[in-house]
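Only one structure is covered here, and it is reproduced in the block below.
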């Protein structure tokens, strides 16, 4: 049995906030229907949502809302949202 393939969403992207990049990563395992959301700052600090999303668009909207409302500092100091 082979390991399931990781599917990256075409909606994954880099967002620049206050001159600093945040990588918005949206992915799922090949056999799963729900999407995982992760935001990574320039230093490699990763914030992974515990909730899963029914669509990659829902995950992107959540990421953009969190970035806009919480700012970049929120993603530098915690690892799980």
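The values are calculated or read from the model by the stated rules, or taken from the named source; none is laboratory data. This structure is a prediction, so every number in the text was calculated from the model and none was measured. Note that each Cβ is placed from the backbone with ideal geometry, even for glycine, and that neighbours are counted across all protein chains shown.
Before moving on, here are some points about what is shown:
- Residue 37 part of a loop (DSSP other than H, G, I, E, B) and at pLDDT 95 or above: no
- Residues within the range 12-27 that are more than 10 Å from the chain's Cα centre (by Cα), surrounded by 14 or more Cβ atoms within 10 Å (Cβ to Cβ) and outside any strand (DSSP E or B), tallied: 0
- Residue that is assigned to a helix (DSSP H, G or I) and either free of Cβ contacts under 8 Å to residues at least 40 places away in the same chain or out of contact with any helix residue (DSSP H, G or I) (no Cβ under 6 Å at 6 or more places or on another chain) (or both), where the choices are 47, 65, 2: 65
- Extreme residue, surrounded by the fewest Cβ atoms within 10 Å (Cβ to Cβ), among residues of the range 41-59 that are closer than 18 Å to residue 7 by Cβ and touching a strand residue (DSSP E or B) at 6+ places or on another chain (Cβ under 6 Å): 48
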